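Take a look at the structure below.
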Amino acid sequence: MPARILDGLASAARVQAQVAAAVDARRAAGRPQPGLAMVVLGDEAGSQAYLRSKRAACAAAGIASFDVELPAATPQRALEELVAQLNADPRVHGIIVQLPLPAGLDEERVLAAISLEKDVDGFHPVNIGRLAMKGRQPLFVPCTPAGCLALLEDAGATFRGARAVVLGRSNIVGLPAALLLLQRDATVTVCHSRSADLPAICRTADILIAAVGRPEMVKADWVKPGAYVIDVGVNLAPGGGERLVGDVAFDEVKEVAGAITPVPGGVGSLTVAMLLRNTLRAAELADAAAQGA
Ligand code: NDP
């Protein structure tokens with residue numbers, strides 16, 4: 001039986017509507033409008049597209065955008081000073097700095113400079129560290145991995161005791177996705193470019209998250225019948241043109257999997273929705289801090 005297609009657009013629309021309603025309620029109660037600042041260095045097409053979709057989603061949810069576009073040659077100190085200004089700006093509740101940074105900039109220093117309470121991307125070393133530690137909770141969870149988990153939850157996946165395989169170990173997707181699955185008591189295997197016999201490892205997975213950036217790498221015979229397959233990859237289809245494909249060979253894998261995300265229309269739609277949710281949370285944390293002050 002062909003897999004259930006997990007509709008990322010519908011899940012994202014639900015989250016965005018919840019955030020918009022909560023923002024309306026805040027403003028009706030006289031609390032400040034949530035604000036999100038995005039810092040983009042250089043004019044890379046992918047970053048510009050993300051900036052546009054983030055701006056539109058913020059506007060639709062009633063969240064203010066404070067975006068800063070800088071040249072790729074911006075010095076480290078100027079970038080850190082900008083982050084310090086945004087940290088101090090009470091209109092800004094969330095700050096994201098688009099990664100990867102241009103060569104020569106120290107990513108860890110920039111991420112560590114973002115106030116923990118405004119780290120809506122969840123990439124601050126303390127937030128990632130808490131995610132990795134048993135019994136600790138980060139203030140924010142990275143948006144794309146959170147989107148993967150939200151899709152699995154919406155689909156009714158069982159985590160406890162499930163075997164999960166994550167393809168990819170990046171700081172942005174693979175590693176935090178694996179940590180989130182571990183938090184939910186799955187038994188997690190993380191694979192990367194040096195892993196041996198990927199098909200055999202993937203075939204053990206009740207839950208398979210692919211985040212490698214290799215077009216249609218995961219084939220039907222890599223997938224356990226009935227598995228949940230979450231495809232994070234966004235790649236240009238081989239052979240030229242503008243068509244996008246994931247890391248999973250969708251047409252063949254959907255005949256084996258129990259549930260699968262499409263590309264586009266899957267995980268990508270959830271990333272911005274999770275960013276809005278994190279920004280709302282940051283505004284709520286700021287309210288609580290102001291009340292405690
Ligand atoms: P990275 O390039 O940072 O990481 C890729 C990971 O995949 C690495 O851990 C790498 O291993 C591993 N890998 C690469 N090739 C292979 C291979 N042949 N076999 C096994 N493992 C391999 O990518 P990201 O994590 O940033 O992104 C992954 C994909 O997700 C991309 O297509 C990206 O466009 C997409 N993406 C989508 C988002 C969305 O919102 N939908 C958001 C972010 C990313 P090693 O560590 O050994 O190098």
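All of the numbers you see were taken from the coordinates with simple rules; none came from a lab. Quick caveat: nothing in here was measured; it's all calculated off a predicted structure. In this analysis, Cβ positions are derived from the backbone assuming ideal geometry, glycine residues included, and neighbour counts consider all displayed protein chains.
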Under 8 Å for C-alpha pairs, at least 6 residues apart: give me the relative contact order for the chain, rounded to a whole percent. 22 percent
Kindly provide the helix-only [θ] at 222 nm of the chain, computed as the sum of -39,500 (n - 2.57) over DSSP H runs of four or more divided by all residues, to the nearest 500 deg cm²/dmol? -13000 deg cm²/dmol
Part-to-part distance (alpha-carbon centres) for segment 48-74 and segment 135-184, which is given in Å: 26 Å
Here segment 279-293 yields Karplus 3J(HN,Hα) values (6.51, -1.76, 1.60; θ = phi - 60°; whole Hz; Gly and Pro given as x) of 5, 4, 4, 4, 5, 5, 5, 5, 4, 4, 5, 5, 5, x, 6
Could you point to the residue in 230, 16, 162 farthest towards the positive end of the chain's charge dipole, with +1 and -1 charges on the Cβ of Lys/Arg and Asp/Glu respectively? 162
Out of residues 5 or more away from residue 39 or on other chains, whose amide H comes under 5 Å of its own, with H placed 1.01 Å from N in the peptide plane? 68, 96, 97, 98
Running a GNM on the chain with Cα contacts under 10 Å, which residue among 145, 71, 125 ends up with the highest mean-square fluctuation? 71
If amide H atoms are modeled at 1.01 Å from N in the peptide plane, then the residues at a separation of 5 or more from residue 218, or on another chain, having amide H under 5 Å from its own are 248, 249
Label point distance in nm, residue 153-residue 108, each placed 7 Å from Cα along Cα→Cβ: 3.1 nm
Can you tell me how segment 143-268 classifies by the Cα gyration tensor, rounded, prolate or oblate, using a/c under 1.5 as the rounded cut? rounded
Sparsely packed GluC sites (Glu not before Pro) within segment 211-289, loop by DSSP, other Cβ within 10 Å at most 10: 242
Here the longest stretch of the chain that holds no trypsin sites (Lys or Arg not before Pro) in a DSSP loop having at most 14 other beta carbon atoms within 10 Å is 1-90
How charged is the neighbourhood of residue 7? Take every other residue with its Cβ under 13 Å from the Cβ of residue 7, and add Lys/Arg as +1 and Asp/Glu as -1. +1
Quick one: compute the contact order of segment 30-116, relative version, from alpha carbon pairs under 8 angstrom and 6+ residues apart, as a percent. 41 percent
Assigned charges on the beta-carbon of Lys, Arg, Asp, Glu; the chain dipole about Cα centre (debye): 660 debye
Those GluC sites (Glu not before Pro) from segment 41-102 that are DSSP loop and have at most 16 other Cβ neighbours within 10 Å turn out to be 44
Tabulate in residue order the Karplus-calculated ³J(HN,Hα) for segment 41-58, using 6.51 cos²θ - 1.76 cosθ + 1.60 with θ = phi - 60°, rounded to whole Hz; enter x for Gly and Pro. 10, x, 10, 4, 4, x, 5, 5, 5, 5, 4, 5, 5, 5, 4, 5, 5, 4
For the chain, give the share of DSSP beta bridges that are antiparallel, in percent and rounded to the nearest 5; count only bridges with both residues there. 5 percent
With θ taken as phi - 60° and the coefficients 6.51, -1.76 and 1.60, list the Karplus ³J(HN,Hα) couplings across segment 19-29 in order, rounded to whole Hz; mark glycine and proline as x. 5, 4, 5, 5, 5, 4, 5, 4, 5, 5, 8
Looking at segment 118-263 only, what percent of DSSP beta bridges run antiparallel? Nearest 5 please. 10 percent
What FRET efficiency comes out for the pair residue 88/residue 255, r = Cβ-Cβ distance, R0 = 41 Å, nearest 0.05? 0.15
Pick from 70, 116, 182: which residue has the top mean-square fluctuation in a GNM of the chain where Cα pairs under 10 Å get a spring? 70
Among 84, 200, 180 - extreme Cα towards positive end, dipole of segment 58-214, charges at beta-carbon: 200
